[in-house]
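Asker: One structure coming up, written as structure tokens, with questions to follow.
The values are calculated or read from the model by the stated rules, or taken from the named source; none is laboratory data. These numbers were taken from a predicted model, which means no experiment stands behind them. Methodologically, a virtual Cβ is constructed for each residue, glycine included, from the backbone with ideal geometry; neighbour enumeration extends over all protein chains shown. These area figures cover heavy atoms from the full protein model, side chains too; ligands, DNA and RNA do not enter into them. Shrake-Rupley method; radii C 1.70, N 1.55, O 1.52, S 1.80 Å.
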Amino acid sequence: MEVEKKYISVEELKKHNKPGDLWISIQGKVYNVSDWTKDHPGGDTILYNLGGLDVTDAFIAYHPRTAWQYLKKFSTGIYLKDFEVSEVSKDYRRMATEFSKAGLFEKKGHGALCSITIISIMFCLSVYGVLKSDSVLVHLMSGMLLGMLWIEGAYVGHDCGHYQVMPSQLCNNIAQIVAGNCLTGISIAWWKWTHNAHHIACNSLDYDPDLQHIPVFAVSTKFFNSITSIFYGRVLTFDPLARFLVSYQHFTYYPVMMVGRVNLFIQTFLLLCSRRDVPNRGLNIMGILVFWTWFPLLVSCLPNWSERVMFVLAAFAVTSLQHIQFTLNHFSGDTYLGAPNGNDWFEKQAAGTVDISCSTKMDWFFGGLQFQLEHHLFPRMPRGQLRKIAPTVKELCKKHNLPYRSLSFWEANKATLRTLRTAAVQARDLSNPVPKNLVWEALNTHG
């Protein structure tokens, strides 16, 4: 005897969006993932952000075919009765299926091996230059090499975090810790926590942590209303200090990028020392201790403090190129307030991303992330395949009249500075009702 199907409406599904009562739907079937949040490999933030919604497109983007078989244990036996799939989503799902059949998600190439080899060579050369040479120029070059090592190490950690690049999952996890924690001093746990939330809520001012840089930067005047960060669970207060800093953000942008790595170090310590449930906290702490053992020791081997400072600043300066690239990919993109909507996955990713056009010879430098939209749509796809799918993605954007921004590195810098300057000019408007202090008034007194 056939069991009669149970149905609920989209509005009824939206009510199940709280801890302990968390439902999602995938292809019209409703699943209860309330007890899965603590074990979800991608973290609980993603599930909370998408709770009560249809998440088919996001599920396709983040999970291989083998993951579908595990959905059955979360099934409620309920179906959505009034959910309509947009034409964009239909095309996106067809595209994902075609790429999967073509084996593009499995063709990893030798990128990881090449990157690890290059990282090893740069590490040896940097250490050799510090220990075996008395030349200031060699020490400067060694610091710059270390900066390049950090850039490439971040790309390897990023790749391992999105898909398996090593022969086994264990090796993949080890590679994440070595490339992230041990070599760059940035916790892979912190990266997963923030990066997954960024992907799901791309360019949401209150859900995407990668845009929440108050008091230093504000990419939108909506930050002037002291919005609440859903990700951090606190108000991003736009006080007089924030107004002052934001007013000059288009001037301070590059200097801040130069020392941006310090913020990443701090964020790593804050997470690992927090009360949050951090996956593999002990392993992450051990990896960070490895970094803070070899890095200070290497710096201490330089003959004097001026060269030590030069060495560290040289490494920071080179690494700032990567920090700049990450912001170019999103700062000038479209932004919005509110939670991500499961049925406009493609649209939100297209609106919030900016590709960086470059020759194939520079693919190694950008780590595949110059194809930012392609990466956001297919985060599991190896970086070596992103250039191949870019024309197809561009055509789909054109078909549905969606933005496909591909700018040169120089043009992307100009677009980012324009975005920052626009907000800066608004921040200087003294008619905005932000409480003033004596420093602010003194710096902005005329006549």
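Asker: Please enumerate the residues belonging to the stretch 166-190 that are open to solvent by 30 Å² or more (accessible area, probe 1.4 Å) and modelled with pLDDT under 90.
Answerer: Matches in the stretch 166-190: MET166, PRO167, SER168, GLN169, LEU170, CYS171, ASN173, ILE174.
Asker: Which of the residues spanning the stretch 413-447 are aliphatic (A, V, I, L, M) and at pLDDT below 90?
Answerer: Scanning the stretch 413-447 gives LEU430, VAL434, LEU438, VAL439, ALA442, LEU443.
Asker: If a residue has to be open to solvent by 80 Å² or more (accessible area, probe 1.4 Å) and either part of a loop (DSSP other than H, G, I, E, B) or more than 15 Å from GLY153 (Cβ to Cβ) (or both) to count, how many in the stretch 100-127 make the cut?
Answerer: Final tally of qualifying residues: 4.
Asker: Would you tally the residues in the stretch 27-51 being in contact with a strand residue (DSSP E or B) (Cβ under 7 Å, 6 or more places away or on another chain) and under 23 Å from TYR163 (Cβ atoms)?
Answerer: The total comes to 4.
Asker: Same structure, new question: Check the stretch 383-399 and report whether any residue there is open to solvent by 60 Å² or more (accessible area, probe 1.4 Å) and of a type in the set (Asp, Glu).
Answerer: Yes: one or more hits.
Asker: Continuing with this model, one more query. Any idea which residue in the stretch 277-308 is most open to solvent (accessible area, probe 1.4 Å), counting only those that are in a loop (DSSP other than H, G, I, E, B), out of contact with any Asp or Glu (no Cβ under 9 Å at 6 or more places or on another chain) and not polar (S, T, N, Q)?
Answerer: PRO279
One line per residue, one yes/no per condition, for (1) more than 30 Å from LEU149 (Cβ to Cβ); (2) of a type in the set (Gly, Ala, Ser); (3) modelled with pLDDT of 95 or more; (4) outside any helix (DSSP H, G or I):
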| position | (1), (2), (3), (4) |
| --- | --- |
| GLY338 | yes, yes, no, yes |
| ASP363 | no, no, no, no |
| ILE389 | no, no, yes, no |
| LYS394 | yes, no, yes, no |
| LYS398 | yes, no, yes, no |
| LEU402 | yes, no, yes, yes |
| LEU407 | no, no, yes, yes |
| GLU411 | no, no, yes, no |
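Asker: Now, a different point. Considering only the stretch 249-275, state which residues are touching a residue at least 60 places away in the same chain (Cβ under 8 Å) and more than 15 Å from ILE324 (Cα to Cα).
Answerer: Hits for the stretch 249-275 are PHE265, GLN267, THR268, LEU271, LEU272.
Asker: Does at least one position in the stretch 55-65 carry a residue that is among the charged types (D, E, K, R), touching a residue at least 12 places away in the same chain (Cβ under 8 Å) and in a loop (DSSP other than H, G, I, E, B)?
Answerer: The answer is no; no qualifying residue exists.
Asker: For the stretch 349-364: of the residues being buried (at least 20 other Cβ atoms within 10 Å of the Cβ) and among the polar types (S, T, N, Q), which is farthest from HIS199 (Cα to Cα)?
Answerer: Here the residue is THR353.
Asker: I'd like the residue in the stretch 138-162 that is over 15 Å from the mean Cα position of the chain (by Cα) and farther than 14 Å from LEU313 by Cα and, out of all such residues, is surrounded by the fewest Cβ atoms within 10 Å (Cβ to Cβ).
Answerer: Among residues in the stretch 138-162 that are over 15 Å from the mean Cα position of the chain (by Cα) and farther than 14 Å from LEU313 by Cα, the one surrounded by the fewest Cβ atoms within 10 Å (Cβ to Cβ) is VAL138.
Asker: Would you mind finding the one in THR360, THR327 that is polar (S, T, N, Q) and in contact (Cβ under 8 Å) with a residue 40 or more places away in the chain?
Answerer: THR327
Asker: On to the next question. Answer yes or no as to whether SER135 is open to solvent by 30 Å² or more (accessible area, probe 1.4 Å), in contact with a helix residue (DSSP H, G or I) (Cβ under 9 Å, 6 or more places away or on another chain) and among the small types (Gly, Ala, Ser).
Answerer: yes
Asker: A follow-up question, please. Can you name the residue in the stretch 365-382 that is part of a helix (DSSP H, G or I) and either surrounded by 20 or more Cβ atoms within 10 Å (Cβ to Cβ) or of a type in the set (A, V, I, L, M) (or both) and is also modelled with the lowest pLDDT among such residues?
Answerer: Ranking the candidates gives PHE366 first.
Asker: For the stretch 66-92, name all the residues that are assigned to a helix (DSSP H, G or I), in contact (Cβ under 8 Å) with a residue 12 or more places away in the chain and open to solvent by 40 Å² or more (accessible area, probe 1.4 Å).
Answerer: Within the stretch 66-92, just GLU87 meets the criteria.
Asker: State all residues of the stretch 315-331 that are in a helix (DSSP H, G or I) and open to solvent by less than 10 Å² (accessible area, probe 1.4 Å); if no residue qualifies, say none.
Answerer: If the condition is that a residue be in a helix (DSSP H, G or I) and open to solvent by less than 10 Å² (accessible area, probe 1.4 Å), then ALA315, THR319, SER320, GLN322, GLN325, LEU328 are the ones that fit.
Asker: Based on what the data block shows, is ASP35 in a loop (DSSP other than H, G, I, E, B), surrounded by fewer than 15 Cβ atoms within 10 Å (Cβ to Cβ) and at pLDDT 90 or above?
Answerer: So ASP35 passes the test.
Asker: Anything in the stretch 378-432 that is among the acidic types (Asp, Glu) and farther than 16 Å from TYR92 by Cβ? List them, or say none.
Answerer: Hits for the stretch 378-432 are GLU411, ASP429.
Asker: If you don't mind, there's one more thing I want to ask. What number goes with the only condition from (1) open to solvent by 20 Å² or more (accessible area, probe 1.4 Å); (2) assigned to a loop (DSSP other than H, G, I, E, B) that GLY52 does not pass?
Answerer: Of (1) open to solvent by 20 Å² or more (accessible area, probe 1.4 Å); (2) assigned to a loop (DSSP other than H, G, I, E, B), only one is false for GLY52: (1).
Asker: So, one more: Taking the stretch 1-34 on its own, how many of its residues are in contact with an Asp or Glu (Cβ under 7 Å, 6 or more places away or on another chain), farther than 12 Å from LEU50 by Cβ and in contact (Cβ under 8 Å) with a residue 40 or more places away in the chain?
Answerer: Going through the stretch 1-34 one residue at a time, the tally reaches 2.
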